[in-house]
Amino acid sequence: MNTARRVVGFTPLVVILVAGAVAAPEGTNLVKNPGLEQAGDSPAKPAHFAVEGDAARRFAGTAFEFSSMGVALDSARDLDGDGKHEGSVAQDVPIAATLPGRWFRFSVRGLPEEGFAVTNDDLHLKVDFFGDGGKRSLDGVTRKIYPLVLQERKDLGPNGVRRKGGAATWKTYSFEFRLPFPDIDQVRIRVGFRGGDGKGKDASFIIDELTLVPIPMPANAPAGAAVRAAGPLAVDPVKLVALGGRWYYLPAEGEKVEKGGRGLLVSEQNGDRLLFDDGGRRYLSPFAANMSAWLRKGYLDLAGELVEEDQFRPDNVTVGCDGTSLVVHARNLPNHPTAKFPSPPGSGDRNPSYIQEHDYTYYLPLDPERNPAARAMDKRNANRALPMGAIGIATNGVVFYNPFDAGMTDATDLMDRCCGHPSPDNRYHYHKYPVCVKSPFADEGKGHSPLIGWAFDGFAIYGPYESGGVMAKDGKENPLNDFNVHQDSERGWHYHVTPGQFPYIIGGYWGKVDARNRERGPRPPQAAGRGLGGPGGFGGFRPPPHPLMMALDADGDQTISAAEMAAAPQALRALDRNGDGVLSGEEVRPAPPPGGIGPDGPPGGFGPGGRRPRGPGAGDRPPSDR
């Protein structure tokens with residue numbers, strides 16, 4: 001399948017080699033073999049890295065998981081026989097003198113197994129500075145991250161499988177630093193531990209990704225200290241193109257983008273230029289490092305065929321803009337390890353579905369509006385406040401579902417270690433806080449959590465913390481309501497996930513949902529006997545409801561309640577896409593039948609000549625869960 005996409009008005013970033021060092025643009029990862037996939041001179045060592053002490057390269061997961069290779073720091077066993085419990089993985093990285101700014105972000109994705117433990121908090125990220133091509137030591141900086149592990153075990157435990165081990169999952173740990181001396185031309189990045197005090201066979205801190213990227217000078221950069229927790233970057237707002245609401249685009253040199261973003265296409269190449277104002281001009285790039293993924297061996301491809309070899313999908317997520325909505329196209333492939341599905345014997349689960357590549361388009365209102373007829377779920381969602389199937393989307397293109405499975409029982413105990421699993425239509429999804437999703441910056445629980453996605457009403461969904469050490473679910477001064485939403489002076493209305501507490505992600509749509517997210521189209525072809533598209537399944541096509549019905553039926557229950565009738569004027573105005581105060585035939589025309597292309601398909605190659613837009617519930621009924 002041809003995965004190329006036309007990028008309008010985008011000038012690719014260029015990496016320039018200078019005297020053996022990399023003069024990389026901001027956002028470029030300087031680490032070689034960052035995913036640790038390539039072996040070195042022995043299978044136990046990754047290429048370009050030094051592995052010392054009680055550490056070894058191995059599969060970064062269990063026999064019941066889809067994952068990749070990584071390095072395990074073993075806190076329980078003396079692997080090298082030196083009588084100590086310590087180890088590290090490190091790489092020397094040349095730094096070009098011409099690199100602007102001299103600020104960097106060092107990040108690792110790691111999983112602390114439940115038996116991992118150290119004394120003196122000594123699990124650390126470290127950067128050593130060198131001059132003269134590595135010959136002269138010039139000090140360094142260290143950040144201990146074991147206190148974060150302990151805090152996560154306390155706070156996120158209820159978020160785990162059957163409400164246990166919520167912190168035993170993949171998470172990003174990072175910090176930012178400034179090079180203190182102009183003659184530094186090499187750094188050594190290291191993840192290590194000392195004083196190992198682990199118990200049992202599951203006592204490692206497993207690493208499967210390392211990044212070192214140049215960044216602009218951070219907002220509120222410390223004047224004296226050279227180290228800080230990862231946070232929003234400084235951006236010159238004069239250079240930004242307003243897309244609508246809190247969304248902006250930072251054009252590259254010479255790139256022309258019209259106000260409102262029509263014709264713009266954002267891919268992994270320029271994902272760091274699509275910015276979200278988190279309040280107070282703190283600009284986040286939520287899609288950066290989240291737009292590509294692997295179609296793993298054992299998944300199903302778009303045609304429903306079993307994948308025999310890992311395949312990289314650089315366009316797992318692409319984003320356009322139609323003037324009123326952010327148009328997100330997603331293959332729905334997770335960009336993190338998952339459990340194996342269908343569930344293997346002995347895994348403790350019984351999910352018969354696969355993880356499959358899909359072809360969906362979602363619409364997120366750029367400027368979300370309150371819904372005066374909004375209602376929250378009751379404990380069994382008997383009032384149908386949220387539909388079955390997709391209710392929002394994470395920054396990696398994977399969808400959120402409500403808390404229930406098809407039998408209307410709580411589905412949140414049936415997850416893998418990244419808090420997801422596939423539904424009967426083979427769509428991987430999250431019912432609760434997906435700790436593995438990469439945020440714009442690491443969530444350390446020391447302040448307001450970063451953004452992790454959006455509900456289909458366009459309002460942002462944030463991680464669990466409202467402020468330092470205080471989860472939003474426990475907040476007293478500004479408590480969440482039944483929708484898991486509240487507002488503050490900086491972010492306005494926004495949702496928070498609530499680990500271990502119903503409704504886990506959102507309790508209902510606080511705002512108006514773009515009616516196009518309720519359209520139903522045909523499913524991707526599926527192999528016979530797999531999923532719901534084969535003989536005896538739910539394949540086939542049923543025309544979507546009329547746009548007028550979808551606009552008025554705010555809760556999607558196929559009836560127009562008295563409250564929805566009262567809100568009809570506002571709902572009808574939402575269909576007036578050109579803002580002329582009149583509804584034209586084009587604006588209320590039903591979606592075309594299968595194979596047809598709508599008159600105003602998403603920009604940037606999603607419409608004529610590209611994929612036909614499909615609604616998030618592709619199929620003849622909303623996709624239910626297990």
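The values are calculated or read from the model by the stated rules, or taken from the named source; none is laboratory data. All of these numbers come straight from a predicted model, not from anything done at the bench. FYI the Cβ positions are ideal-geometry reconstructions off the backbone, even for glycines, and counts take in every protein chain you see.
Entry remark, the stretch 350-365: residues being under 8 Å from Arg427 (Cα atoms) and not in a loop (DSSP other than H, G, I, E, B) number 1 in total. Filtered by the rule that a residue be in contact with a strand residue (DSSP E or B) (Cβ under 6 Å, 6 or more places away or on another chain) and among the small types (Gly, Ala, Ser), the stretch 269-297 gives Ser285, Ala293. So in the stretch 134-179, with the set limited to residues that are polar (S, T, N, Q) and touching a residue at least 40 places away in the same chain (Cβ under 8 Å), which one is surrounded by the fewest Cβ atoms within 10 Å (Cβ to Cβ)? So, considering only residues that are polar (S, T, N, Q) and touching a residue at least 40 places away in the same chain (Cβ under 8 Å), the one surrounded by the fewest Cβ atoms within 10 Å (Cβ to Cβ) is Gln151. For the stretch 482-503, the set of residues classified as within 24 Å of Gly166 (Cβ to Cβ) and not hydrophobic (A, V, I, L, M, F, W, C) consists of Asp482, Asn484, His486, His494, Tyr495, His496, Thr498, Pro499, Gly500, Gln501, Pro503, listed by residue number. So His358 fits all but one of (1) modelled with pLDDT of 95 or more; (2) more than 27 Å from Cys436 (Cα to Cα); (3) not β-branched (Val, Ile, Thr); what number is the exception? Of everything listed in (1) modelled with pLDDT of 95 or more; (2) more than 27 Å from Cys436 (Cα to Cα); (3) not β-branched (Val, Ile, Thr), His358 misses just condition (2). Here is the figure for the stretch 160-195: residues that are under 28 Å from the mean Cα position of the chain (by Cα) and aliphatic (A, V, I, L, M) total 5. Of all residues in the stretch 446-492, those satisfying the criterion of being more than 24 Å from Asn517 (Cα to Cα), under 18 Å from the mean Cα position of the chain (by Cα) and assigned to a loop (DSSP other than H, G, I, E, B) are His448, Ser449, Pro450, Pro464. Given the condition in the same structural domain as Leu326 (by TED's automatic domain parsing), under 28 Å from Asp315 (Cβ atoms) and touching a helix residue (DSSP H, G or I) at 6+ places or on another chain (Cβ under 9 Å), answer yes or no: does some residue in the stretch 434-442 qualify? Yes, that holds for at least one residue.
Given the structure, is Pro424 touching a residue at least 60 places away in the same chain (Cβ under 8 Å), surrounded by fewer than 24 Cβ atoms within 10 Å (Cβ to Cβ) and farther than 18 Å from Phe287 by Cβ? Against the criterion (touching a residue at least 60 places away in the same chain (Cβ under 8 Å), surrounded by fewer than 24 Cβ atoms within 10 Å (Cβ to Cβ) and farther than 18 Å from Phe287 by Cβ), Pro424 qualifies. Applying the selection to the stretch 276-299, what residues are farther than 30 Å from Ala63 by Cα and small (Gly, Ala, Ser)? Once the filter is applied, which keeps residues that are farther than 30 Å from Ala63 by Cα and small (Gly, Ala, Ser), the stretch 276-299 yields Gly279, Gly280, Ser285, Ala288. Within the stretch 490-520, the set of residues being farther than 15 Å from Ala460 by Cβ, surrounded by fewer than 19 Cβ atoms within 10 Å (Cβ to Cβ) and not hydrophobic (A, V, I, L, M, F, W, C) comprises Gln501 only.
Each row is one residue, and each column tells you yes or no for (1) touching a Cys at 6+ places or on another chain (Cβ under 8 Å); (2) within 24 Å of Glu86 (Cα to Cα); (3) not in a loop (DSSP other than H, G, I, E, B).
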site	(1), (2), (3)
Asp121	no, yes, no
Phe129	no, yes, yes
Leu150	no, yes, yes
Lys154	no, no, yes
Pro158	no, no, yes
Thr169	yes, yes, no
Ser174	no, yes, yes
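When the residues of the stretch 119-133 are filtered to those that are touching a Leu at 6+ places or on another chain (Cβ under 9 Å) and touching a residue at least 40 places away in the same chain (Cβ under 8 Å), the one that is farthest from Phe193 (Cα to Cα) is Gly131. Just one of the listed residues (Gly198, Gly192) is in a strand (DSSP E or B), farther than 20 Å from Gln38 by Cα and in contact with an Asp or Glu (Cβ under 9 Å, 6 or more places away or on another chain), and it is Gly192. Please indicate, with yes or no, whether at least one residue in the stretch 95-110 is without any contact (Cβ under 8 Å) to a residue 60 or more places away in the chain and surrounded by fewer than 18 Cβ atoms within 10 Å (Cβ to Cβ). There is no residue in the stretch 95-110 that is without any contact (Cβ under 8 Å) to a residue 60 or more places away in the chain and surrounded by fewer than 18 Cβ atoms within 10 Å (Cβ to Cβ). In the stretch 200-222, the condition of being at pLDDT 85 or above, surrounded by fewer than 15 Cβ atoms within 10 Å (Cβ to Cβ) and not acidic (Asp, Glu) is met by at least one residue. Put simply, of Tyr146, Tyr173 the only residue that is touching a strand residue (DSSP E or B) at 6+ places or on another chain (Cβ under 6 Å), at pLDDT 95 or above and under 30 Å from Gly500 (Cβ atoms) is Tyr146.
Residues in the stretch 340-352: is at least one closer than 17 Å to Glu65 by Cβ and buried (at least 24 other Cβ atoms within 10 Å of the Cβ)? Before the answer, list the steps.
Just the residues of the stretch 340-352 that are closer than 17 Å to Glu65 by Cβ, to begin with: 340-351.
Narrowing further to those that are buried (at least 24 other Cβ atoms within 10 Å of the Cβ): 341.
Yes, there is a match, as at least one residue in the stretch 340-352 is closer than 17 Å to Glu65 by Cβ and buried (at least 24 other Cβ atoms within 10 Å of the Cβ).
Put simply, of Leu326, Leu333 the only residue that is surrounded by 22 or more Cβ atoms within 10 Å (Cβ to Cβ), assigned by TED's automatic domain parsing to the domain that holds Asp301 and not in a loop (DSSP other than H, G, I, E, B) is Leu326.
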